[in-house]
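Engineer: The following block contains the structure, expressed as structure tokens.
The values are calculated or read from the model by the stated rules, or taken from the named source; none is laboratory data. None of the values given here were measured: they were computed from a predicted structure. Heads up, the Cβs are rebuilt from the backbone with ideal geometry, glycines too, and the neighbour counts pull from every protein chain shown. Surface areas here come from the heavy atoms of the whole protein model, side chains and all, with no ligands, DNA or RNA. Shrake-Rupley method; radii C 1.70, N 1.55, O 1.52, S 1.80 Å.
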Amino acid sequence: MSRPVRIAPSLLDADMGRLAEEIRAVESAGVEWLHLDVMDGHFVPNLSIGVPVVAGVRRHTRLFLDTHLMITDPARYAEPFVKAGADSITFHIEVASQPVPLIRQIRELGVRVGVSLNPDCPVERVLDIVGLVDIVLVMTVFPGFGGQTFMRDCLPKIEAIARCLRPDQTLEVDGGVNIETAPLAVAAGADTLVAGSAVFRSGDPAANVSALLSAARGGPVK
Ligand code: DX5
Ligand code: ZN
């Protein structure tokens, strides 16, 4: 059974000085999820948004705040992000020495739980725990920066995870999604496509979301 496809715009490539307007633009395209990229300068070689920005975004929208923690200590920061308004917390398996207690901790905060894996992380690292999470986030670039090229060699990993998931779980793909690569991710089994630069870097964000959705569904791109 295939799940409906959604686009989750990543605010990393939005105009940070006009975040509320950027959010309104993608809301007008009918998106349900916003993807928030949190970086700590340790797990990835970059810094991005933190707890106060998530709280500010929350004040301006009722969209589902899909919070991607690219940080070395997700157990320490999960609660502040939930208090700020996150609706899901996704941690990276590469930093989780005890994923099962971490999943339980996040779930007790009352939000959805996600696990992410980098392009060089074998699928076997998550197979034991995919049944315990709500979201599996497959990175198709090495995280840290927007605007990178989709790594097609990650497609077999998306297919392998898709075979393990229940219909109520989300298979999300993050990195280099555009109108050419969106159909590949969906064909491999993804239902949620994160897109940063393809939505916000040029043109009209709402039109960009519509074009991505159309491409992802295999329709004509206007
Ligand atoms: C990568 C982030 C992504 C990224 C997506 O470090 O996790 O969410 O910003 O940006 P694009 O769509 O430009 O690859
Ligand atoms: Zn992300």
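Engineer: Considering only C-alpha atoms, what is the centroid distance from the stretch 78-131 to the stretch 196-220, in Å?
Structural biologist: 28
Engineer: Mind telling me which of 100, 53, 123 comes out most flexible in a GNM of the chain, alpha-carbon contacts under 10 Å?
Structural biologist: Fluctuation is largest for 100.
Engineer: Right, here's the next one. All other residues with a Cβ under 10 Å from the Cβ of residue 199 taken together, and with Lys, Arg as +1 and Asp, Glu as -1, what is their net charge? The partial results should precede the final answer.
Structural biologist: Numbers: positive: 201; negative: 13, 22, 204.
Residues near residue 199 contribute -2 overall.
Engineer: Tell me the Kirkwood hydrodynamic radius of the stretch 145-222 in angstroms, computed as one over the mean inverse distance between distinct C-alpha pairs.
Structural biologist: 12.8
Engineer: While we're looking at this one, here's another question. Along Cα→Cβ, 7 Å out, is where each label goes; now give me the distance between the ones at residue 164 and residue 15 in nm to one decimal.
Structural biologist: Here the answer is 4.3 nm between the modelled labels.
Engineer: Enter the mean projected area of the convex hull around the alpha-carbon atoms of the stretch 6-216, in nm², rounded to one decimal. Intermediate values should be presented prior to the final figure.
Structural biologist: Values: hull surface 40.7 nm².
Its Cα hull, projected and averaged over all orientations, spans 10.2 nm².
Engineer: Hey, another quick one. Only helical DSSP H runs with n ≥ 4 go in: add -39500 (n - 2.57) per run for the chain, normalise by residue count and round the 222 nm mean residue ellipticity to 500 deg cm²/dmol. Numbers along the way, then the final one.
Structural biologist: Values: 9 runs with 78 residues, N = 222.
For the chain, the value works out to -10000 deg cm²/dmol.
Engineer: Rank 116, 198, 81 by how far each Cα sits towards the positive end of the charge dipole of the stretch 6-216 (+1 on Lys, Arg Cβ; -1 on Asp, Glu Cβ) and give me just the farthest.
Structural biologist: It is 81, whose Cα lies furthest towards the positive end.
Engineer: Right, another one. Using a 1.4 angstrom probe and counting only protein chains, how large is the accessible area of residue 170 in Å², to 10?
Structural biologist: In the full protein context, residue 170 sits at about 10 Å².
Engineer: If r is the Cβ-Cβ distance from residue 53 to residue 180 and R0 is 35 Å, what FRET efficiency results, to the nearest 0.05?
Structural biologist: Values: r = 31 Å, r/R0 = 0.87.
It comes to 0.70.
Engineer: Suppose every Lys and Arg Cβ carries +1 and every Asp and Glu Cβ carries -1, with no other charges. What dipole size does the stretch 6-216 come out with about its Cα centre, to the nearest 20 debye?
Structural biologist: Taking the Cα centre of the stretch 6-216 as origin, the dipole is about 340 debye.
Engineer: Tell me the label-point distance for the pair residue 187, residue 24, using the 7 Å Cα-to-Cβ offset, in nm and rounded to one decimal.
Structural biologist: In this crude label model, residue 187 to residue 24 measures out at 4.0 nm.
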